[in-house]
Amino acid sequence: MTTASTTTAEKAFTEELNAPFTITPEMVDFFSEYGYIKIKNVLSSPLLKFYGNVITSEVKRLNTLEKPMEERTTYEKAFLQIMNIWRENDTVKDFVFSKRLAKIAADLMQVNGVRLYHDQALYKEPSGGITPWHADQFYWPLDTPKTITAWIPFQDTPMEMGPLAFAEKSQSVEIGRDIEISDESENILQEELRKRNFNMNDTPFELGELSYHAGWLFHRAGPNKSTKPREVMTMIYMDKDIRIKKPSNSYQVNDWNSWCSGYPIGGVPEGPLNPVLYER
Ligand SMILES: O=C(O)CCC(=O)C(=O)O
């Protein structure tokens with residue numbers, strides 16, 4: 001591609017990233033009841049290829065986890081995890097600041113606007129292990145359940161690559177709310193969710209298909225048995241009016257300092273790391 005045509009293509013991608021996408025009342029109801037939703041054709045293949053390449057380069061540049069797979073913990077085997085790439089690269093910032101993706105988050109949560117909590121690339125390498133059952137909000141010092149993660153694969157993600165899987169309607173159940181992601185969370189939650197007959201949605205993603213899941217929904221992913229990395233970008237959004245609560249575990253203390261800039265307890269996390277990405 002010449003520079004001129006790259007520029008034209010990039011302009012079209014920026015327009016696509018910021019154009020509205022229709023979320024129907026049925027989709028809102030589904031998200032509210034099931035705690036997640038998978039939506040096809042949210043972003044075009046050329047756009048995903050373009051930003052996927054940029055984000056992959058950043059993951060390679062920023063990654064520090066070089067240990068061989070057999071020496072890693074379960075968590076380290078699950079993925080390379082690189083956070084807040086938007087602060088490193090302006091092209092990635094355009095992607096993370098997508099109004100289309102942020103408005104979907106606001107529509108699904110039925111709030112007036114959303115802030116960024118943080119972004120994170122989750123690259124499950126070939127021979128990478130499972131992502132154990134867990135709920136994200138265990139880690140976040142935030143005072144309401146109005147949080148949501150967009151999970152965006154940069155390739156078709158068949159079962160052998162470890163697509164994200166969801167325990168449907170598990171966002172409010174009073175089990176395992178104090179367990180960190182680990183072999184223990186995998187075993188205990190697997191058993192509890194089975195005993196209580198939660199249905200699991202564990203299905204492939206096609207390119208352009210995204211999921212959004214609630215902060216308290218239990219989810220996991222299988223191992224990557226393929227020969228290619230499972231390349232995924234995620235953005236975590238929170239209600240723009242959410243408040244910081246007193247941290248109730250050491251992870252929340254860490255997150256409070258790292259991702260909410262240590263803003264006051266009881267106040268809105270409105271520091272430079274938490275911009276409003278969409279407001280009605
Ligand atoms: O991508 C994965 O394997 C796990 C993703 C996840 O847990 C999340 O986005 O909250």
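A short reminder: the numbers here are calculations on the coordinates, not readings from a lab. For clarity, every value in this text was computed on a predicted model and none was experimentally measured. Note that we place each Cβ from the backbone using ideal geometry, even for glycine, and neighbour counts take in every protein chain shown.
Miscellaneous remarks
- Flag for Glu186 being more than 28 Å from Val111 (Cβ to Cβ) and either of a type in the set (A, V, I, L, M, F, W, C) or more than 10 Å from the ligand (Cβ to nearest atom) (or both): yes
- With respect to the conditions (1) out of contact with any helix residue (DSSP H, G or I) (no Cβ under 7 Å at 6 or more places or on another chain); (2) assigned to a loop (DSSP other than H, G, I, E, B); (3) under 23 Å from Gln81 (Cβ atoms), Ser226 lacks only one, and its number is (1).
- Test for Asn224: is it of a type outside the set (Gly, Ala, Ser) and more than 16 Å from the ligand (Cβ to nearest atom): no
- Filter result (more than 10 Å from the ligand (Cβ to nearest atom) and either without any contact (Cβ under 8 Å) to a residue 60 or more places away in the chain or closer than 20 Å to Glu186 by Cβ (or both)) within segment 145-160: Asp156, Met159, Glu160
- Just one of the listed residues (Phe50, Phe31, Phe13) is in contact with a strand residue (DSSP E or B) (Cβ under 7 Å, 6 or more places away or on another chain) and under 22 Å from Phe205 (Cα atoms), namely Phe31.
- For segment 159-182, the tally of residues that are under 24 Å from Gly208 (Cα atoms) and more than 18 Å from the chain's Cα centre (by Cα) stands at 2.
- No other residue among Gly262, Gly208 is away from the ligand (no atom under 16 Å from the Cβ) and without any contact (Cβ under 8 Å) to a residue 60 or more places away in the chain apart from Gly262.
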